[in-house]
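As C-alpha cells, the structure follows; a few thoughts come after it.
Taken together, the values in this text are just the output of simple stated rules run on the coordinates, not laboratory data. The structure presented is a predicted model; accordingly, all values stated were derived computationally and were not measured. Here the Cβ positions follow ideal geometry from the backbone for every residue, glycine too, while neighbour counts run over all protein chains shown.
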Amino acid sequence: MKNDFNLNNYKISLGTHRDKDVIFFEFPNILSLRNQLRMKLKVQWSQSNKKWYALDMPQYRRLLDLPLEAAGEKLMDKIHPVNVQAFLTMREELILRGYSPNTQKVYLSEFFQFLSILKHHSAQNLPVEKIRSYLVYCSERLKLKEATLHSRVNALKFYYEQVIHIENLFSAVPRPKKPSQLPKVLSKTDLKKMFELTENPKHLLILKLVYGMGLRVSEIVGLKVKDIDGKRMKVHIQYAKGKKDRYVPLPHSIIDELRAYYRAYNPKEYLFEGQTGGQYTIRSVQQVFKNAMLKAKINKKIGIHGLRHSYATHLLEAGTDTLFIKELLGHRDIKTTMIYTHVADRHVDKISSPLDSL
C-alpha cells in the first residue's frame, strides 16, 4: 500500500521503550502533523524520551518503508561467537526451503534456546548423548509441555539432519508422547448466541466466515477481495498451511452481509484490513473472538480455532463424507480429519445403553 502522507516531515528511528521494541517519531510541534500520524499509526507520547512512538510491527515497517527484520535477528547478539555461524546457516536453510515466516521464527527461537545452554560449546560437534541429556533437562528441569518439547525436537532435528546432514541422528532420540486430546467445539446454540451479540459488522463477518468456511486464523487475515468469487460461490484459499491451495464454498447466507460490509469499509486488497492498511492482524482476530465469547457468556476454554473444529464437527453430524471434509479443511492426511468422528454426535445418539434393555 502506497504511503499517502509525507514521510519527509518525520524523523524516524528505531529503539526500545519500557522493554519493548518501538519506532520513534520526531517532528515540529504542529497539530496537523500530529493528527496525520495518529490517523496512520497507533502512537503514544513518551515523556522520558520526549518523542512519539509506535510499537515496532511489520505492518508499520511496511507503511514507513522501513526494512523488515529478518527472523531471529534480535537473537544474534545473545549467541556465543562459536555458534553464530550455525544459527545463520540454519536460518539460510529455512529460507531456501521456503518455510513460512512463522515456522522460521519458531525453529530459530527453539534453536536459540538450545545454543544458549551450550554457550561456548560447538553445536556442530556435539555428540548425540549431549543432545539426549539436553532434552531430559528440558523435560525434567524446565518442565516444558509436550507440544513445546516436540517443537524443540523438530528444530534440532532440522539442524542436524537437514542443515549439517547427519543422517538418522534422531533415531536414537525418543519423542515425548503427545497427550490424546479431542478438539474443542461449540454448539450451534452457542454460535447463534455469539453471532447475535456481536454488534460490530466487521467483527461479525470475521467470525461467521471463520466458522462458515472452516478457516484457520492465518487464512482469514490473508483472505483477499479477489479471492472471493460471488458468481461461483467459491473462495480461493491461497498459500494455506503446507503451501496448499484449496477452494471452499461461500455460504449463501453471508452474501448480503458481505456486500454491505464491502460498501461500508471499501477494502482495497485484503478483505479485512487494519486501520493503517494491510491485512488485519491475527492478534486482533483472536481478540474479536475472545470478546464475543465474553459477551455471550460462554465459559469454555477454547480459542478461535474452535470455530474451525466446530465447522468440521457440524459437517460430519450433518452426514458429510469425511473425505469431503478433509478437502475442505485442507488436511494432508485423512487421519487428521478422522479425529472429528470422536466428537460428532452423528452415531452416538443412536446407541442405547445395555441398561435400557434390561
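Taking 41 Å as R0, compute the FRET efficiency from the Cβ-Cβ separation of residue 66 and residue 247 and round it to 0.05. Each step should come with its number before you reach the end.
Working: r = 36 Å, r/R0 = 0.88.
Between residue 66 and residue 247 the formula returns 0.70.
Per residue and in Å³, how big is the convex hull formed by the alpha-carbon atoms of the range 133-289?
Working: hull volume 28.8 nm³, N = 157.
Normalising the Cα hull of the range 133-289 by residue number yields 183 Å³.
Report the extension gain between residue 287 and residue 225 in nm, rounded to one decimal, defined as 0.36 nm multiplied by the number of residues separating them, less their alpha carbon distance. Numbers along the way, then the final one.
Details: separation 62, 0.36 × 62 = 22.32 nm, distance 2.26 nm.
Computed gain between residue 287 and residue 225 is 20.1 nm.
How many nm is it between the label spots at residue 20 and residue 73, if each spot is 7 Å from the Cα in line with the beta carbon?
It is 1.9 nm.
What is the sum of charges around residue 250, taking Lys and Arg as +1, Asp and Glu as -1, for the other residues whose C-beta is under 9 Å from the C-beta of residue 250?
Working: positive: 232, 234; negative: 229.
Spelling it out: positives minus negatives among the neighbours equals +1.
Quick one: compute the contact order of the range 73-172, relative version, from alpha carbon pairs under 8 angstrom and 6+ residues apart, as a percent.
On the way: 66 pairs, mean separation 31.3, N = 100.
Dividing the mean separation by the residue count of the range 73-172 yields 31 percent.
Report the charge-dipole magnitude of the chain in Debye, nearest 20, computed about the Cα centre from +1 at each Lys and Arg Cβ and -1 at each Asp and Glu Cβ. Don't skip to the answer; put the middle values down first.
On the way: 59 positive and 35 negative charges, 129 e Å.
With only Lys, Arg, Asp and Glu charged at Cβ, the dipole is about 620 debye.
How large is ³J(HN,Hα), in whole Hz, for each residue of the range 35-49 in order, when computed from phi with the Karplus curve 6.51 cos²θ - 1.76 cosθ + 1.60 and θ = phi - 60°, using x for Gly and Pro?
In residue order, the calculated couplings are 5, 4, 5, 5, 6, 9, 9, 8, 10, 9, 8, 9, 5, 6, 9 Hz.
Say the cut-off is 21 Å between C-alpha atoms; which of 241/300; 188/297; 184/234; 224/297; 145/184; 177/290 go over it?
Values: 241/300 26 Å; 188/297 15 Å; 184/234 27 Å; 224/297 32 Å; 145/184 19 Å; 177/290 30 Å.
Result: 241/300; 184/234; 224/297; 177/290 exceed 21 Å.
Could you pull out the trypsin sites (Lys or Arg not before Pro) across the range 50-107 that fall in loop regions by DSSP (anything but H, G, I, E, B) with no more than 10 other Cβ atoms inside 10 Å?
Working: sites: 50, 51, 61, 62, 74, 78, 91, 97, 105; in loops: 50, 97.
Answer by residue number: 50.
Can you give the translational diffusion coefficient of the range 200-323 in µm²/s, computed by Stokes-Einstein from the Kirkwood radius over Cα pairs at 4 °C and 1.567 mPa s? Present the calculation step by step, with values, prior to reporting the outcome.
On the way: Rh = 15.2 Å.
Taking Rh from Cα pairs, D becomes 85 µm²/s.
Per DSSP H run of at least 4 residues, take -39500 (n - 2.57); add these up for the chain, divide by its residues and hand me the 222 nm value, nearest 500 deg cm²/dmol. Could you put the intermediate results ahead of the total?
Values: 14 runs with 154 residues, N = 358.
Taking each H run of at least 4 residues, the total per residue is -13000 deg cm²/dmol.
Can you pull out the trypsin sites (Lys or Arg not before Pro) in the range 116-197 that DSSP calls coil and that have at most 13 other Cβ atoms within 10 Å?
On the way: sites: 119, 130, 132, 141, 143, 145, 152, 157, 177, 184, 188, 192, 193; in loops: 119, 141, 143, 145, 177, 184.
Hits after loop and neighbour filter: 119, 141, 143, 145, 177.
Please list the equivalent ellipsoid semi-axes of the range 73-172, computed as the square roots of five times the alpha-carbon gyration tensor eigenvalues, in descending order and whole angstrom. Write out the running numbers ahead of the final one.
On the way: eigenvalues 70, 48, 44 Å².
Rounded to whole Å, the semi-axes are 19, 15, 15.
When Rg is the radius of gyration of the Cα atoms in the range 174-265 and Rh is its Kirkwood radius, what does Rg/Rh come to?
1.05
Within the P(r) computed for the range 7-63, what percentage of the Cα pairs occupies the region above 17 Å? Write out the running numbers ahead of the final one.
Numbers: 464 of 1596 pairs.
Tail of the P(r) past 17 Å holds 29 percent of the pairs.
What chymotrypsin sites (Phe, Trp or Tyr not before Pro) in the range 199-250 are in a loop by DSSP, with at most 16 other Cβ atoms within 10 Å of the Cβ? Numbers along the way, then the final one.
Values: sites: 211, 239, 247; in loops: 239.
Answer in residue order: 239.
Could you calculate the FRET efficiency of residue 46 with residue 11 from 1/(1 + (r/R0)^6), where r is the beta carbon distance between them and R0 is 22 Å, rounded to 0.05?
Numbers: r = 14 Å, r/R0 = 0.66.
So the FRET efficiency works out to roughly 0.95.
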